[in-house]
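Participant: Got a structure for you, questions after.
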Amino acid sequence: MSNSEEEDVLIYYRYKRQRRLRRKLWCHPYIERNINCRFFMAANQLAETDVKFVQCYRMSKASYLELVKLLSPFLSKMNTNMRECVSAEERILITLRYLATGCTFVSLSLYFARRETTVGIIVKETTKIIWDVLNDTYMPLPTVEKWKAIADRFEFLWNLPNCIGAIDGKHIRIQKFANTGSEYFNYKSYHSVVLMACYDADGLFTMIEPGYAGRNSDGGIFRASRIKYWITQGNFEIPSPSPLTHDEKRVPLPYYFAGDEAFPLTRYLMRPYPKRTLDNVKRIFNYRLSRGRKTIECAFGMAAEKFQVLNGPILCRDLGTVSNIIKAVCVLHNFVHAREGIEYTASSVQMTGT
């Protein structure tokens, strides 16, 4: 190729690149026409009726204002000469609306009169900040006293002594990631990531670890998880064994987590007896263990009902963003429950035949 031909190619490449990068419109005509009618403006009217605000954003106005107070220092941006920034309040509302509905970014862009790429960036940044800010307060690593308090609640509510949590994995539907083949395709015939989590007696998350490929089993995920590593290495400050309340021999029993048949039987993890070897004693034990384990279903059901993004599929192409969304939902579940939830009592969980 001669020098003149090379110059022609470079000139043509530069022309095509400049043409591709040239923005036809800085602001879409729809956004310009509806800038004063977008959903963020309507939120001020929704706030006048707390019931409607809760229906849209899954938390009360007071909890929202507290969330704004906590997150604003990390979400606030600076205005420029070209345009105003998206305020911290609007960023939080966009993210809460996405978590509450699980709708597409295109739909949110029409609600809030923002470009869909802007909505995607806001959700990605805000979910990460929600986890970073709220994690230490609303999902802290339990201390010895906290473990004992959880065990007392399990015995009081579910007649399961020395249990310090119920552990399980939950499949969360996603859109297939590029170039992953069948890695995230699970036995339920859809693509998913697995949330390995531990719950207390009141249905609150105590530890979470999302992002595992859906093709893996719960037992395999637990063996590879950091939760198991921290338990076996003694990083959780689990209390020393103590005797049961009504044990006359006062034999110390280790504190343990409750799991289902997918998990191994260990010193720190209790699983039910196999169904093929059941007698009356074993059947009663399985019944008692299942009462404690049902907090798993309650916790995930409440979180999925409040934040329907968990019902999926989560339409994101990046595993890190999906994990941040799941972690934000879990910590917001604890946040809302701490401020607005009703504490379980023995009468409210009483079951027929107990």
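The values are calculated or read from the model by the stated rules, or taken from the named source; none is laboratory data. On a predicted model such as this, the values are computed, not experimentally measured, just so you know. Cβ: placed from backbone, ideal geometry, glycine included. Neighbour counts: every protein chain shown.
Participant: Got a sec? Which helices (runs of 4 or more DSSP H) wholly within segment 93-175 have at least 3 residues that are aromatic (Phe, Trp, Tyr) and within 30 Å of SER290 (Cβ to Cβ)? Can you show your working first?
Facilitator: Details: elements: 105-112, 116-138, 144-158.
Per the criteria, 144-158.
Participant: Looking at segment 275-304, which of its residues are buried (at least 18 other Cβ atoms within 10 Å of the Cβ) and hydroxyl-bearing (Ser, Thr, Tyr)?
Facilitator: Correct list: THR295 only.
Yes/no per residue for (1) in contact (Cβ under 8 Å) with a residue 40 or more places away in the chain; (2) not hydroxyl-bearing (Ser, Thr, Tyr):
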{"residue": "THR245", "(1), (2)": "yes, no"}
{"residue": "TYR268", "(1), (2)": "no, no"}
{"residue": "PRO274", "(1), (2)": "no, yes"}
{"residue": "LYS282", "(1), (2)": "no, yes"}
{"residue": "SER290", "(1), (2)": "no, no"}
{"residue": "ARG293", "(1), (2)": "yes, yes"}
{"residue": "GLU297", "(1), (2)": "no, yes"}
{"residue": "SER323", "(1), (2)": "yes, no"}
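Participant: Now a separate question. Evaluate segment 82-96: report whether one residue or more is crowded, with 19+ Cβ neighbours inside 10 Å, modelled with pLDDT of 90 or more and within 22 Å of PHE300 (Cα to Cα).
Facilitator: Checked against the condition, which is being crowded, with 19+ Cβ neighbours inside 10 Å, modelled with pLDDT of 90 or more and within 22 Å of PHE300 (Cα to Cα), segment 82-96 yields at least one hit.
Participant: Further question: Give, as residue ranges, the strands (runs of 3 or more DSSP E) completely inside segment 176-279 that count at least 3 residues that are among the hydrophobic types (A, V, I, L, M, F, W, C) and within 21 Å of the chain's Cα centre (by Cα). Don't jump to the end; show me each part of the working.
Facilitator: Working: elements: 192-199, 205-213, 256-258.
Output list reads 192-199, 205-213.
Participant: Given the conditions (1) crowded, with 18+ Cβ neighbours inside 10 Å; (2) farther than 19 Å from LEU332 by Cβ; (3) in contact with a Lys or Arg (Cβ under 9 Å, 6 or more places away or on another chain); (4) not basic (Lys, Arg), and given that LEU195 satisfies all but one, which numbered condition is not satisfied?
Facilitator: It is condition (2) that LEU195 fails.
Participant: What are the residues in segment 172-210 that are on the phi > 0 side of the Ramachandran plot and either in contact with a Pro (Cβ under 7 Å, 6 or more places away or on another chain) or modelled with pLDDT of 90 or more (or both), if any?
Facilitator: Residues of segment 172-210 on the phi > 0 side of the Ramachandran plot: 179, 181, 189, 203.
Hit for segment 172-210 is SER189, nothing else.
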